[in-house]
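Reviewing the structure listed below.
Nothing in this text is a laboratory measurement; each read-out follows from the coordinates by a stated rule. Because the structure is predicted, anything quoted here is derived from the model rather than measured. No Cβ is skipped: glycine too gets one built from the backbone with ideal geometry, and neighbour counts run over all protein chains shown.
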Amino acid sequence: MIAKRLTAVLLPLLLLGCEPASQSEPVTAETKPVTAETVNTASADLHRLFEEYFEAWLVLNPTFATYIGDNRYNDRYVNNIGPAWREAARSLEQDSLDRVNAIDPASLQSQELLSYEIFKADREIALENFDFPSYLMPINQFYSAPNRFVQLGSGSGTQPFKTVEDYDNFLGRIDGFGSWMVQAEANMREGMNQDLTQPRILMERVVPQLESQLVSTVEESAFYRPISDMPDSFSEQDRARLTAAYSAAIETKLIPAYRSMRDFVRDEYIPAARDSHGINALAGGPQRYAYLVRRTTTTDLTAEEIHATGLAEVSRIQEEIQDVMNQVGFAGDLHEFFDFLNTDPQFYFTERQDLLDGYNALRDVIDPNAARLFKTIPKADYEIRLVEPFREKSASGGQYRGASPDGSRPGVFFANAYDLSARPKWAMESLFLHEAVPGHHFQGALTLELVDLPKFRQFGSYTAYGEGWGLYAESIGRELGAYTDPYQYFGKLNAELWRAIRLVVDTGFHYYGWTREEVLAYMYANSAVAEARAVSEAERFMAIPSQALAYKIGQLKIQELRDRAEMSMGENFDVREFHAQVLEAGELPLSVLDARINRWIEAGN
């Protein structure tokens, strides 16, 4: 069980329901009289700060503005790894922290006080990030600006291509991306000089990603797809102009930028890259990992505690898998069962379209049952698509991209069809529940509907909350009509096992110094993972330290809160209301979510 760990400031306020100090209390150094004037002033100052911060942050992050449907900066791509941007971002965070510290929290009401504490903690953790030179390692195979830019420019991402202005906007964005690529190479050279490089094996994966954009003709480029799909409503003059402009940009800017980066990575960076796999091998790496663990989990759990939790969860889940083996009458040990599930043709599709059709069939089962457990269903719709070919080899098994706040762009559940022999049917139900309904789509789309929240909360993200909810969503599949097939229930257990293994191997990589080969050996020994996925996931953990910890830590907390509420409230417990309490305040740090559920339990008893 994850202990409640709140800051010394936040804990007493939350236990008191976040109410300001009573005006009848004596004035001390800690308690000042609260008047209507001070309350109004503090509230106005706080909301002005929230609004001004978010607006300034969008200017610094224009592609995020596009992502949330704010199209004011669609022609911009910022050099967010350059010194000018980093200084501007640091100044924004420090100025905002100074301003929030100048506001007296005793003058704030409940939701405002909650927002105050979250905003302050966010600024503190953001400022701490500037202590680490991550900008010197700006590209890896999993989080890559060159890959994301292809998504933007191909028409399959969040960049709109509906009007002539939209098309012109992206031409402006191309110039900014070119500057980013030049800066990335300069930063990586400096990283080489400081022995701050990515693992060599990861950068070897980057080379074919970059090469995928080195086409023989502009018409073959993913960036040409918007021209091929140009709306019929455009005039002949605009069509001719845009076709010429895009062709020139692809030929003279984009292909050269990708070729230059490919050549540099292949010929200079990879030979200088490190052989080690964990971040702890770098100067300052242990401190960086401790910071990332705190930021990702929104707890003060240590790497040792998380590693031990992972080992215990692996053991527990494997016992449940043994029960499934007994249910299906499998004669053999755990590893033989894994081998059977990995190799028997009955568990695999042979056509990509069949995988997509299978997920759409799941939608017809799960969606109608959602009202059983949820009082509010998101207004935004979602689609199911296959991961684009240019990134499918390195992508995870499934991903969710959020809907736009105005509902004009639905959410998307991307299913990976690369190497169908590594995409078993028995994994489909748990993956759908995690990424689509009631997982990331429900959580993300409902958050966008919370228009009364400050925007930094409406669009904010806490990995442990979001991914914890996704894994929790897998756990309630039987309540939604899933897992009627014992092999599908095994899929759920295997997915949960996989998240428990992540606790072990992420800390193994980055705290205990495990090698890639040691991590792969642990995966093969303890799960039914096929080689393609094991390699992809292991290298993902190498690329983004601590992110893999969020899933299981968050799920354990949400399940703990549900168990606590059911035990305390008895007949008064309503699972639909519990889920509303979890989802309808937006994404929260786990410590804040814990306190919110405690208040709900107290009010219901």
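Data overview
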{"item": "Ratio of the Cα radius of gyration of the stretch 436-542 to 2.2 N^0.38 Å, where N counts its residues", "result": "1.29"}
{"item": "Computed FRET value (nearest 0.05) for residue 45 with residue 331, which takes r as the C-beta separation and R₀ as 60 Å", "result": "0.30"}
{"item": "Gain upon complete extension [residue 109, residue 603; 0.36 nm per residue less C-alpha separation]", "result": "176.0 nm"}
{"item": "Positive-end extreme of charge dipole, the chain - chosen from 547, 100, 149 (charges on Cβ)", "result": "149"}
{"item": "Cβ-based exposure ranking for 212, 107, in which fewest neighbours within 10 Å come first", "result": "212, 107"}
{"item": "Cα Rg, Dmax (largest Cα-Cα span) when computed across the chain, Å", "result": "24.9, 78"}
{"item": "Cα→Cβ-extended label distance, 7 Å offset, between residue 485 and residue 134, nm", "result": "3.9"}
{"item": "Trypsin sites (Lys or Arg not before Pro), loop per DSSP, at most 12 other Cβ atoms within 10 Å - longest free stretch of the chain", "result": "380-605"}
{"item": "Equivalent-ellipsoid semi-axes of the stretch 521-605, from the Cα gyration tensor, Å, largest first", "result": "35, 15, 10"}
{"item": "The chain: DSSP helices with Cα axial extent of at least 24 Å and average Kyte-Doolittle hydropathy no lower than -0.5", "result": "36-60, 110-129, 303-328, 486-510, 549-569"}
{"item": "Cα-centred dipole magnitude for the chain, charges only on beta-carbon of K, R (+1) and D, E (-1), debye, nearest 20", "result": "540"}
{"item": "Rg over Rh [alpha-carbon atoms, Kirkwood Rh] for the stretch 290-556", "result": "0.95"}
{"item": "Alpha-carbon centroids, the stretch 402-437 and the stretch 95-149: separation in whole Å", "result": "29"}
{"item": "Full-extension gain in nm, residue 281 to residue 344, via 0.36 nm per residue minus C-alpha separation", "result": "18.6 nm"}
{"item": "DSSP-loop chymotrypsin sites (Phe, Trp or Tyr not before Pro) across the stretch 135-243, with at most 14 other Cβ within 10 angstrom", "result": "143"}
{"item": "Alpha-carbon Debye profile of the stretch 135-275, log10 I(q)/I(0) at 0.11, 0.13, 0.20 Å⁻¹", "result": "-0.44, -0.58, -1.13"}
{"item": "Estimated 222 nm signal from helices in the chain, with DSSP H stretches of n ≥ 4 weighted -39500 (n - 2.57), rounded to 500", "result": "-18500 deg cm²/dmol"}
{"item": "Long-range amide H partners of residue 414 with built H, under 5 Å", "result": "385, 399, 400, 401"}
{"item": "Pairs beyond 29 Å (Cα-Cα), from 425/455; 120/557; 120/492; 162/455", "result": "425/455; 120/492"}
